[in-house]
Amino acid sequence: MTRLHLFDLDGTLLHGTSAPVEISRQLGLEAETVALDRAISSGRIGPPEYATQVHALWAGLTEAHVVAAFEAAPWLSRIREVWAEITRRGDYCAVVSLSPSFFVERLTSWGAHAAHGSVFPAVPFTEPVDPAGVLSAAAKVRIADRLCAEFGVTRADCVAYGDSMSDLDLFGAVPVSVAVNADRHLTGLATHAYTGRDLWEAYEQVRAA
Ligand SMILES: [Mg+2]
């Protein structure tokens, strides 16, 4: 059986932070972005408004800032090792995140077979962000279905890794799920749970599942 492993980014592959906060840190705007992260996780704003607001904050963003944010971010250890092992077994790994596409897509260089984020214009921005391209919890499931078709598997072959309510729909759609550094609410809805900073240890729990 071929499996597809679906990884969330913010709070899952990134420990205790989000891609927008790490990008904003390069511009000295992390406090504003932490406030936006709180607003979206409490449901006070939705993903399209969040995207519009970070886009406005990032008027001075350059490709160099994005590269620096990616390199300095607190990644879990052994992400590349896990993806290499998944690939060696003939399985697939993908990242699906509500974070900006221009950051998420960098993870294909670490060995992810696919990486999807909210569609943002190219950096530096000369265009607005189109709310239609911004992802949601439900959109994660639609992308998962599309990836299943692309890789010739079904939902029954999927393993999802996530940390928050935006992973809830996906956890409900696949048979195996790993709550990574998640709050108790999500942990109760996953088949497996991991707390720590080493993705290999999370992956080992479901390697044979
Ligand atoms: Mg997350």
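Place a +1 charge on the Cβ of each Lys and Arg in the stretch 4-59 and a -1 charge on the Cβ of each Asp and Glu, then give the dipole magnitude about the Cα centre in debye, rounded to the nearest 20.
The calculation lands at about 80 debye.
Charges on Cβ only, +1 for Lys and Arg, -1 for Asp and Glu, centred on the Cα centroid of the stretch 19-71; of Val21, Ala35, Ala64, which one is farthest towards the dipole's positive end?
Selected residue: Ala35.
FRET efficiency for Thr191 and Thr126, Cβ-Cβ distance as r, R0 = 41 Å, nearest 0.05?
The value I calculate is 0.35.
First select every other residue whose beta carbon is under 12 angstrom from the beta carbon of Val82; then total the charges, Lys and Arg +1, Asp and Glu -1.
Details: positive: Arg78, Arg80, Arg88, Arg89, Arg207; negative: Glu81, Glu85, Asp91, Asp198, Glu201, Glu204.
Residues near Val82 contribute -1 overall.
Against the globular-protein guess of 2.2 N^0.38 Å, express the Cα radius of gyration of the chain as a ratio, rounded to two decimals.
Here the answer is 0.96, to two decimals.
Keeping every protein chain present and rolling a 1.4 Å probe, give me the accessible area per residue for the stretch 1-144 in Å².
Details: 6070 Å² over 144 residues.
That works out to 42 Å² for each residue.
So what's the net charge close to Ala202: Lys and Arg +1, Asp and Glu -1, counting the other residues with Cβ under 13 Å from its Cβ?
Local charge sum for Ala202: -4.
Of all accessible surface on the stretch 19-71 at a 1.4 Å probe, what whole percent is carbon and sulfur?
For the stretch 19-71, the apolar C and S fraction of the accessible surface comes to 57 percent.
Given Cβ point charges of +1 (Lys, Arg) and -1 (Asp, Glu) and nothing else, what value in debye, to the nearest 20, does the dipole of the chain about its Cα centre take?
380
Give me the distance between the Cα centres of the stretch 134-209 and the stretch 7-63, rounded to whole Å.
After rounding, the separation between the Cα centres reads 21 Å.
Over the Cα atoms, compute the radius of gyration (one decimal) and Dmax (the largest Cα-Cα distance, rounded to a whole number) for the stretch 19-71, in Å.
10.9, 32
In the chain, with Lys and Arg counted as +1 and Asp and Glu as -1 at Cβ, which of these residues, Met1, Phe103, His55, has the Cα nearest the positive end of the dipole, that is, farthest along it?
Highest projection toward the positive end goes to Met1.
In 5 Å bins starting at 0, how do the alpha-carbon pair distances of the stretch 1-107 split up by percent?
2, 11, 22, 23, 18, 11, 7, 5, 1, 0
The values are calculated or read from the model by the stated rules, or taken from the named source; none is laboratory data. Please read all numbers here as calculations on a predicted model, not as lab measurements. Backbone-built Cβ (ideal geometry, glycine too); neighbour counts: all protein chains shown. With ligands, DNA and RNA removed, areas are computed over all heavy atoms of the protein, side chains included. Shrake-Rupley method; radii C 1.70, N 1.55, O 1.52, S 1.80 Å.
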